[in-house]
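The values are calculated or read from the model by the stated rules, or taken from the named source; none is laboratory data. None of these values were measured; they are calculated from a predicted model. Methodologically, a virtual Cβ is constructed for each residue, glycine included, from the backbone with ideal geometry; neighbour enumeration extends over all protein chains shown. To get the accessible areas, we keep the full protein, side chains included, count just its heavy atoms, and leave off ligands, DNA and RNA. Shrake-Rupley method; radii C 1.70, N 1.55, O 1.52, S 1.80 Å.
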Amino acid sequence: MEIAAYYDEIAHCNKCGFCQVACPIFRATGHESGVARGRLALLRAIIEGRLDWSDDIEAPLFDCLLCGACTSNCFPAIPTSDLLIRARSEYLTQVGRKSIHRLLFDHLLPYPDRLHVAARAVALSKKAGLSNLARALGLLRIFGRDFANAEDIVEKLPVTAFRDRNHPGVYQGSGEELIIGYFIGCGVDIIQQQTGTATLQLLRQIARQVHVLNNCCCGLPAYSFGDLQIAQKLAQKNMQVLASGPYDVIVTDCSSCASFLKKYPVLFSEEDSRREAAKMFSAKIRDLSESLNNVALPTPAADAAIRVTYHDPCHASRGQGLVKEPRDILKKIPGIEYRELPEADWCCGGAGAYALSQYDLYRRVLDRKIANLIATEADIIATSCPACIMHLSYGVRKHGLKTRVCHISEIIRGR
């Protein structure tokens, strides 16, 4: 559906400017083009024929974090992030897709085995120093304008994937009845494997069986970029793979995955028969934070309390309304002194591959988050999104901090 179909919704913007207060990008730049009010004015100009689809409008369309903070602070609750995704989709139709996105979305994300091979190649190249050579030769720009700067966000990559060591299949648990399907996000599979290990152990505590699933990418990266056709393809593939399973619930420890998996029905029109299947599928999805009421909590590891704070992933707090649950869990753990993080629900700047093309802006948003972390004097910052872990870890390293960054599942396991 073209962006013109959403004209009435866009026109609801009364230009009050309350979005400015909540927008990380506007707070970093002060530019009107970087806030919801300005972006909606841009979309209105396109629909009214005062602006043409061209490379000139790429920046304001794509430098939004899609964090949803503007909508939370908007009286008519205009879903600016969703409208921008629709606009990005039309932009790709009008202007074209980049080759790197065709490679990633068409040929890697739908196929976990291929993604594992590609990740292994990157891990080995980093280990051998080949990425430094590629940077010196200027070859990294094919992955994004700022890839040479952003490449160090991931300090190191495991050579093997999580599912290379924990093969898809059935793992017996100590619970009485529940059968859980464990949806493995790309971040856990490729990078944050210690999170996957802790999560699998937790799920085996509460379930009779845990099925490590052979799912592909949830589709959020493609959807956020505006490639709705590929997002739909990935959703359909996951639904087909998981439809016949005996799962009572499907749990993931990636809040970004959980939020998008719950959103699958919006990918299909009301007339599409797949929409009903998507509703049934999304009804089984649970963020890990929703599933930890009955897990055994660790005993204190030290006499002195460990100071822990928590960062709200955008897809947990605004995407799913999960704010109280992770805090309640942390506050129950013996030996923890919980400290609230200022602006805990502000985006860390990650937003998928945002840093690859907007590194300087990304760093300004991330640095604000790290400044708030420093104010807590926390020993640990926990969160529920592997992507946030990656970016927060990078910020901690850049600022020379000793703060540990980890998933909430790792703290519960006492790791």
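The listed residues LYS369, LYS237, LYS156, LYS402, once ranked by accessible area (1.4 Å probe) with the largest placed first, stand as LYS402, LYS156, LYS237, LYS369.
Each stretch of four or more DSSP H residues adds -39500 (n - 2.57); spread over every residue of the chain, this sum gives -13000 deg cm²/dmol at 222 nm.
If you take the alpha carbon atoms of segment 153-265 and fit the smallest convex hull around them, that volume is 104 Å³ per residue. Relative contact order for segment 61-132: 17 percent, from Cα pairs under 8 Å spaced at least 6 residues apart, divided by residue count.
For the chain, a Gaussian network of Cα nodes joined below 10 Å ranks ARG327, ARG165, ARG27 by mean-square fluctuation, and the top entry is ARG165. Would you mind checking which residues have amide H under 5 Å from GLY181's amide H? H placed 1.01 Å from N; only 5 or more apart, or other chain. It is HIS211, ASP248, VAL249, ILE250, VAL251, by chain and number. Sorting ARG97, ARG50 on solvent-accessible area from highest to lowest, probe radius 1.4 Å, gives ARG50, ARG97. Stretched out straight at 0.36 nm per residue, the stretch from SER99 to ASP55 would grow longer than its current Cα-Cα span by 14.3 nm. Normalising the average separation of contacting C-alpha pairs (under 8 angstrom, six or more residues apart) by the number of residues puts the relative contact order of the chain at 15 percent.
Between ALA11 and ARG364, the modelled labels are 3.4 nm apart [label points 7 Å from Cα along Cα→Cβ]. Prolate is the label for segment 322-415, because a/c, from the alpha-carbon gyration tensor with a ≥ b ≥ c as root eigenvalues, is 1.5 or above and a/b exceeds b/c. Computed packing ranks the peptides 221-232, 67-78 as 221-232, 67-78, most packed first, by mean other Cβ atoms within 10 Å. Dividing the Cα radius of gyration of segment 1-116 by its Kirkwood radius returns 1.02 for Rg/Rh. Judged by the mean number of other Cβ atoms found within 10 Å, the most tightly packed of the peptides 53-66, 34-47 leads the ranking 34-47, 53-66. Extents of segment 7-50, taken as max minus min of Cα coordinates on every principal axis and listed largest first, are 30, 17, 11 Å.
Checking [x] 141; [y] 181; [z] 208 against volume of the Cα convex hull per residue in Å³ calculated from these atoms, the matching label is [x]. Candidate cross-link partners of LYS398 among the lysines, defined by an alpha-carbon separation under 26 Å and a same-chain spacing of 8 or more, comprise LYS126, LYS127, LYS156, LYS369. Using the empirical formula 2.2 N^0.38 Å as the baseline, the Cα radius of gyration of segment 234-311 reaches a ratio of 1.51.
Given Cβ point charges of +1 (Lys, Arg) and -1 (Asp, Glu) and nothing else, what value in debye, to the nearest 20, does the dipole of the chain about its Cα centre take?
Details: 49 positive and 44 negative charges, 187 e Å.
Dipole magnitude for the chain comes out near 900 debye.
Students often check this: by mean Cβ neighbours within 10 Å, which of 287-297, 202-212 ranks highest, and how do the rest follow?
Working: 287-297: 18.3, 202-212: 21.3.
Descending packing order for the listed peptides: 202-212, 287-297.
What does the C-alpha gyration tensor say about the overall shape of segment 307-348? Classify as rounded when a/c is under 1.5, otherwise prolate if a/b is larger than b/c, or oblate. Since a/c reaches 1.5 but b/c is at least a/b, the shape of segment 307-348 is classed as oblate.
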